[in-house]
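Structure first, then comments.
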Amino acid sequence: MLRQALKDLPLGLCIFDADDRLLLANERYLDIWSLPDALGCPGTSFAQIMAASPATESEASKARAPAATDTPSLRRREWLLRDGRTVEVAVRRRPDGGCVALHEDVTEQRRIAEQLTHLARHDALTGLANRQVLVEHIDQQLPRTHRGEAMAVLCLDLDRFKAVNDTLGHAAGDALLREVAARLRASVRGSDLVARLGGDEFALLQWGVPQPAAANALARRVIEALGQPFDINGQRAHIGATVGIAVAPFDGGEAEVLMRGADLALYHAKTEARGTVRFFEPEMDAQALRRRGLEADLRRALQGGELRLHYQPQVSVDPLRVTGVEALLRWQHPQRGLVSPLDFVPLAEETGLIVPIGRWVLHEATRQATVWPADVRVAVNVSAAQFRGGRLLRDVSEALEASGLDASRLEVEITESVMIDDSRQALETLRSLRSLGVRIAMDDFGTGYSSLSYLRSFPFDRIKIDRSFVRDMEANPDALSIVRAVAGLGRSLGMATTVEGVETEGQLQAVRREGCAEAQGYLFSRPLPADEVMEMLAKLDGREAPTRAAATHATPALRP
Ligand code: C2E
Ligand code: MG
Ligand code: MG
């Protein structure tokens with residue numbers, strides 16, 4: 001019975017006496033250590049066994065560090081055998097000086113555990129280290145910086161990756177990221193670390209070379225390597241990379257500080273020009289701090305009712321008559337006074353705050369417009385970020401419903417950036433807005449680049465020619481001919497053209513001559529608070545004197 005149990009035991013078992021001679025061993029024990037049956041007999045010495053086991057005879061076989069659970073009488077050891085197997089041995093000393101030991105082949109368990117550890121520490125798609133590993137490596141290498149060695153952290157972001165992913169599909173996007181990983185590995189020395197931080201963000205860690213020259217050279221190598229075209233399943237793709245660098249010990253003595261520094265440098269590089277390198281500078285920290293302050297202020301502004309809308313008339317030029325007003329955002333800051341949208345809309349776009357702010361603008365503008373004559377439309381500027389959120393259609397219809405404004409009186413002004421971002425989704429949203437009855441205008445026309453193709457891709461109701469052309473119109477014949485060409489284009493596409501920024505009578509004459517239907521600018525009126533709109537209409541159009549009706553209580557801040 002006991003003999004059978006020993007035989008069936010899935011573990012190797014052996015018992016030695018105080019003189020290290022075998023008292024008992026089961027078959028599994030002999031099996032695990034590849035011992036001949038003869039050595040399983042009582043009386044065999046431990047030394048004989050050690051000498052006979054092909055697994056243990058080599059130097060390659062070594063014990064791993066003692067387990068944390070060890071006590072003076074119980075010891076666990078893990079043996080890495082020459083043939084690649086791992087055997088765990090637990091030995092208990094007996095009071096009489098002998099010992100009993102259990103042996104287990106844990107090769108498979110250890111292999112799975114190692115795989116899991118690898119998975120937890122590496123990016124599954126590219127096999128590169130992940131953020132955690134990067135941070136650990138930085139921490140490990142930091143002490144070397146005390147000995148005068150510099151270390152560089154490079155954060156890099158792919159340019160135009162999203163476009164490739166959207167046009168060629170996600171499988172192609174994955175293939176591209178794998179190829180990027182391969183090019184990065186090929187660009188660094190063996191001792192440098194390459195990590196993927198997520199999405200299209202990567203990081204490199206470089207040490208043991210003179211800084212900042214080496215990091216600068218590495219960044220340029222990487223930009224060059226990733227700037228070469230990619231061949232993804234027969235399709236050509238062009239991307240690029242932008243790099244931010246922080247160097248220890250100068251920019252910080254902690255992994256998180258260095259990573260943040262490199263990230264800030266990357267942010268600055270991206271806003272200046274894609275495909276470039278920037279090193280961290282302390283001023284960036286101060287700027288980030290100011291931005292965070294402004295962001296917090298802006299959040300509060302939205303909740304606390306510090307945002308206002310001013311309205312500027314849009315005028316048909318022949319005969320002169322106000323056809324609509326454009327809602328322009330203002331921030332009544334308690335300390336700074338009236339802040340221009342040029343100073344806070346970009347930040348709101350970056351942080352996503354533009355979504356709740358834009359929603360508030362829609363509600364406020366449509367509500368105030370209901371007070372004005374029915375033939376006066378209201379135009380609202382909408383950012384690309386609002387399209388990305390996927391909620392714009394709902395926000396517009398809710399604003400129309402809440403205010404009761406007829407959809408045909410609302411005009412949405414978008415810029416080219418909406419179409420550049422994701423033109424398929426943008427077009428779909430534009431069509432849905434149109435089917436609600438809302439009008440769509442292309443704002444700041446002429447300031448972007450591939451304008452013509454965007455004009456053809458959607459039947460806009462209006463093209464607004466950017467202010468810069470009007471400014472130059474009288475002095476620069478090129479500007480004038482562009483205004484003329486766009487007006488002609490508008491006519492042939494059935495789109496109205498509005499010239500922005502008309503400040504002088506001379507400019508108005510030119511606008512008329514070039515055949516633009518509408519104009520907007522200081523010549524007619526500056527943007528005005530809602531309660532001055534009726535007065536302005538009376539003045540410009542000779543309409544009924546103002547009734548100064550309803551538009552006094554403001555739309556409360558809408559929750560995101
Ligand atoms: P925009 O949509 O092109 O608005 C026209 C800008 O030109 C306004 O600047 C207006 O005050 C200014 N302007 C109008 N006539 C003249 C003129 O004769 N001469 C000069 N020099 N300027 C004139 P503002 O109000 O500072 O707005 C700047 C930009 O901020 C807007 O440009 C628009 O892109 C953005 N913005 C304003 N309100 C909103 C909003 O509610 N949502 C979003 N997403 N963006 C907004
Ligand atoms: Mg506008
Ligand atoms: Mg504009």
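Projected onto its three principal axes, the C-alpha set of region 315-412 covers 41, 31, 23 Å, listed from the longest axis down. Proximity of backbone amide H atoms, modeled 1.01 Å from N, is registered between Thr323 and Gln314, Val315, Ser316 at under 5 Å, excluding neighbours fewer than 5 places apart on the same chain. For Lys7, the aspartates and glutamates whose Cα falls under 13 Å of its own Cα, not counting residues fewer than eight places away in the same chain, are Glu27, Asp31. Size of region 61-209: Rg and Dmax of its alpha carbons, in Å, are 22.4, 76. The alpha carbon convex hull volume per residue for region 199-327 rounds to 233 Å³.
Each DSSP beta bridge with both residues in the chain is either parallel or antiparallel, and the antiparallel ones are about 75%. The helix-only estimate of mean residue ellipticity at 222 nm for the chain, built from DSSP H runs of length n ≥ 4 each weighted as -39500 (n - 2.57), is -13500 deg cm²/dmol after division by the residue total. Based on protein heavy atoms only, region 290-541 ends up with 43 Å² per residue of surface accessible to a 1.4 Å probe.
For the set Arg388, Arg377, solvent exposure ranked by accessible area (probe 1.4 Å, protein chains only) runs largest to smallest as Arg388, Arg377. Given in Å, the Rg to one decimal and the Dmax to the nearest whole number for the Cα atoms of region 138-224 are 14.8, 50. Projecting the Cα atoms of Gly252, Trp79, Phe161 onto the dipole axis of the chain, where Lys and Arg carry +1 and Asp and Glu carry -1 at the beta carbon, places Trp79 farthest toward the positive end. Here the mean projected area of the convex hull built on the C-alpha positions of region 2-110 is 7.1 nm².
The tail of the calculated P(r) for region 122-280, taken as Cα-Cα distances beyond 19 Å, holds 50 percent of the pairs.
When you filter the chymotrypsin sites (Phe, Trp or Tyr not before Pro) in region 386-481 for DSSP loop state and at most 11 other Cβ atoms inside 10 Å of their Cβ, you are left with Tyr449.
According to the Kirkwood relation over distinct C-alpha pairs, the hydrodynamic radius of region 388-467 is 13.1 Å. When exposed loop sites are taken as GluC sites (Glu not before Pro) in a DSSP loop with at most 14 other Cβ atoms within 10 Å, the longest stretch of the chain clear of them is 255-473. Considering every Cα-Cα pair within region 290-541, what fraction, in whole percent, is farther apart than 35 Å? Percent of Cα pairs beyond 35 Å in region 290-541: 11.
Using a 1.4 Å probe over the heavy atoms of the protein chains, calculate the carbon and sulfur portion of the accessible area of region 122-280 as a whole percent. Percent of accessible area from carbon and sulfur atoms in region 122-280: 51.
For the chain, the convex hull spanned by the alpha carbon atoms encloses 254 Å³ per residue.
The values are calculated or read from the model by the stated rules, or taken from the named source; none is laboratory data. As the structure is a computational prediction, the values presented were derived from the model and not from experiment. When we count neighbours, we look across all protein chains shown, and the Cβ atoms used for this are built from the backbone with ideal geometry, even at glycine. With ligands, DNA and RNA removed, areas are computed over all heavy atoms of the protein, side chains included. Shrake-Rupley method; radii C 1.70, N 1.55, O 1.52, S 1.80 Å.
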